[in-house]
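Heads up: the structure comes next, in structure tokens.
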């Protein structure tokens with residue numbers, strides 16, 4: 001999280017976090033930045049497979065050779081970690097998934113052009129090495145296997161294994177589309193926060209793309225979402241919808257247990273069940289610092305996460321360039337505040353139906369009804385000049401196909 005450069009940091013101690021109230025004030029200040037909604041960003045994530053046998057395990061050496069100077073230092077400690085040709089950053093997730101993260105920009109047309117070009121560049125590099133990008137939100141074949149050997153992910157694996165397999169699946173076998181939007185002006189933050197959450201089940205149902213695991217259908221249209229929700233519910237469930245999103249988020253973060261504890265050496269395992277608030281109150285020998293709080297913030301990852309901006313994390317990875325459809329819809333729906341209010345109105349019948357969306361998708365009638373209205377609204381706003389040419393028509397055709405498929409069942 002880019003919190004250490006925040007101007008508000010000067011208002012807080014640089015070492016020990018002394019009280020819960022101090023910690024909550026800090027979290028609220030760095031996670032919700034106010035201002036006109038201008039900047040946009042996209043992060044695309046894919047599983048990576050061998051071209052000749054997608055079910056064969058991926059090894060670190062093959063991926064390192066394919067990524068070359070773009071390999072992150074979590075994979076190659078002395079890598080130059082060069083940016084991609086159009087400025088995006090390439091990172092690698094614990095199971096070898098690759099992720100392309102754009103720089104923030106104000107133009108949707110420019111953003112999509114840059115991200116598409118950098119994604120194609122990565123795809124070419126992988127293809128040369130005999131690798132291909134996955135086209136689903138979960139790895140359909142392989143058992144989760146971590147290839148990043150860093151203390152953070154070893155500690156997370158230990159913590160999540162206490163709960164079940166879903167933590168490993170989330171870390172090593174899932175891939176998604178993430179869209180980053182500004183939080184907005186102070187008087188609009190609560191509405192934007194609520195609308196992003198209300199929209200989540202509808203978007204999830206429309207773009208669910210992870211029906212398989214270990215070579216079998218799971219009975220869920222978004223197995224990725226099932227894994228996320230089951231990983232560690234206090235950490236991964238949707239956030240509370242209140243009139244004070246910043247205050248609610250700060251309380252949640254402080255009450256979430258530590259999943260890793262940074263220290264010298266390779267063992268970052270955290271004691272089970274100790275929250276950050278309990279750490280402040282003396283549960284561990286050494287008191288926490290603001291840097292520890294910054295780091296703890298990176299280990300809480302619900303479907304919508306505030307990071308100074310709002311990071312929308314509820315979309316499965318899409319095949320080819322279909323990532324543009326959900327990303328374009330989200331951006332179009334949140335460019336204008338009157339549209340945000342319309343989103344809240346048309347999604348009201350589907351609000352909170354996360355599990356229904358992940359399991360049944362558009363077969364859920366409330367979700368299907370809301371989807372018709374939501375995507376009609378999105379298509380109208382994608383006709384604006386800054387939208388990529390033809391994207392409105394592509395989205396309309398996609399939505400019509402999805403809705404027709406479920407109406408026949």
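All of the numbers you see were taken from the coordinates with simple rules; none came from a lab. A quick note: this is a predicted structure, and the numbers were derived from the prediction, not measured. Cβ coordinates were reconstructed from backbone atoms using ideal geometry, including for glycine residues, and neighbour counts include every protein chain displayed.
Some values worked out for this structure:
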quantity: Relative packing of peptides 77-86, 236-245 - highest average C-beta neighbours within 10 Å first; calculated: 236-245, 77-86
quantity: Difference of contour (0.36 nm per residue) and Cα-Cα distance, residue 281 to residue 34; calculated: 85.8 nm
quantity: Approximate spin-label separation residue 78-residue 376, in nm, with each point projected 7 Å along Cα-to-Cβ; calculated: 6.2
quantity: Which label in (i) 31, 27, 21; (ii) 34, 27, 18; (iii) 44, 22, 18 gives the computed semi-axes √(5λ) of the Cα gyration tensor in Å; calculated: (i)
quantity: Sorted by Cβ density within 10 Å, fewest first, the residues 109, 124, 290; calculated: 124, 109, 290
quantity: Fully extended contour minus Cα-Cα distance, from residue 106 to residue 145, at 0.36 nm per residue; calculated: 10.2 nm
quantity: Stretchable slack from residue 52 to residue 266, in nm (0.36 nm times residue separation minus alpha-carbon distance); calculated: 73.5 nm
quantity: Least to most buried among 171, 203 (fewest other Cβ within 10 Å first); calculated: 171, 203
quantity: Cα gyration tensor category, rounded, prolate or oblate, for the stretch 222-378 with a/c compared to 1.5; calculated: prolate
quantity: Spherically averaged projected area of the stretch 103-226 from its Cα convex hull (nm²); calculated: 10.7
quantity: Cα centroid of the stretch 261-297 to Cα centroid of the stretch 356-409, whole Å; calculated: 44
quantity: Label point 7 Å beyond Cα of residue 187 along Cβ direction - residues of the stretch 11-55 with amide nitrogen under 20 Å; calculated: 33-38
quantity: Fewest-first sequence of 387, 74, 88 by Cβ atoms within 10 Å of each Cβ; calculated: 74, 387, 88
quantity: Backbone N within the stretch 47-76 under 12 Å of label point (7 Å from residue 128 Cα along the Cβ vector); calculated: 65-70
